[in-house]
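Peer 1: Structure in structure tokens, see below.
The values are calculated or read from the model by the stated rules, or taken from the named source; none is laboratory data. In this text, all values refer to a predicted model and were calculated from it rather than measured experimentally. FYI the Cβ positions are ideal-geometry reconstructions off the backbone, even for glycines, and counts take in every protein chain you see. Keep in mind that these areas ignore ligands, DNA and RNA; they rest on the heavy atoms of the full protein, side chains included. Shrake-Rupley method; radii C 1.70, N 1.55, O 1.52, S 1.80 Å.
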Amino acid sequence: MRSCFALVLPVVFAACATSPTTDRWTKSGADDSTTAKDTAECHATAQQQAVRRYPYGFSGPSMSASGTVLSQQQDDTNRAIAERGFFGDCMENRGYARAAAK
């Protein structure tokens, strides 16, 4: 039971952190096409930066298959969290602010 929980928990965290574009971003004077363009560019840049920080297949060696899975899941979670942060920084650097949740 404990190992099942350990395998599922990182996936849940990654799922919560994988979609940085679900937040609504606003910028005075920016129309929908400008916001869409900036969002796409920031998303691409954030993905690249996150992969540089947490490369795919870079997990350290493990003694067991379950350890490898856990390590890969942790890398995926770390990558998703980093991507979200990079995306937010990029949008803020372009003058956007997160809109209040409705």
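Peer 1: Right, S3: over 29 Å from A99 (Cα atoms) and either modelled with pLDDT under 50 or exposed (fewer than 13 other Cβ atoms within 10 Å of the Cβ) (or both) or not? Lay out the reasoning, then the answer.
Peer 2: Working: over 29 Å from A99 (Cα atoms): yes; either modelled with pLDDT under 50 or exposed (fewer than 13 other Cβ atoms within 10 Å of the Cβ) (or both): yes.
Considered against the rule, which asks whether it is over 29 Å from A99 (Cα atoms) and either modelled with pLDDT under 50 or exposed (fewer than 13 other Cβ atoms within 10 Å of the Cβ) (or both), S3 comes out as yes.
Peer 1: May I pose another question? Identify, from the list T77, T45, T21, the residue that is part of a helix (DSSP H, G or I), modelled with pLDDT of 90 or more and surrounded by fewer than 18 Cβ atoms within 10 Å (Cβ to Cβ).
Peer 2: Numbers: T77 fails: surrounded by fewer than 18 Cβ atoms within 10 Å (Cβ to Cβ); T21 fails: modelled with pLDDT of 90 or more.
From the options T77, T45, T21, the qualifying one is T45.
Peer 1: Specify the residue that is modelled with the highest pLDDT; the eligible residues are those in region 48-68 that are assigned to a helix (DSSP H, G or I) and hydroxyl-bearing (S, T, Y).
Peer 2: Here is the first cut: in region 48-68, the ones assigned to a helix (DSSP H, G or I) are 48-53, 65-68.
Right, trim to hydroxyl-bearing (S, T, Y) and you get 66, 68.
Working: S66: 54, T68: 60.
Among residues in region 48-68 that are assigned to a helix (DSSP H, G or I) and hydroxyl-bearing (S, T, Y), the one modelled with the highest pLDDT is T68.
Peer 1: Sort through S71, S33, S28 and tell me the only one that's in a helix (DSSP H, G or I), at pLDDT 55 or above, open to solvent by 70 Å² or more (accessible area, probe 1.4 Å) and of a type in the set (S, T, Y). So that I can check it myself, show each step before the final result.
Peer 2: On the way: S71 fails: open to solvent by 70 Å² or more (accessible area, probe 1.4 Å); S28 fails: in a helix (DSSP H, G or I).
Result: S33 is the single residue among S71, S33, S28 that is in a helix (DSSP H, G or I), at pLDDT 55 or above, open to solvent by 70 Å² or more (accessible area, probe 1.4 Å) and of a type in the set (S, T, Y).
Peer 1: Would region 11-18 turn up any residue that is modelled with pLDDT under 95 and over 19 Å from the mean Cα position of the chain (by Cα)?
Peer 2: Among the residues of region 11-18, not one is modelled with pLDDT under 95 and over 19 Å from the mean Cα position of the chain (by Cα), which makes the answer no.
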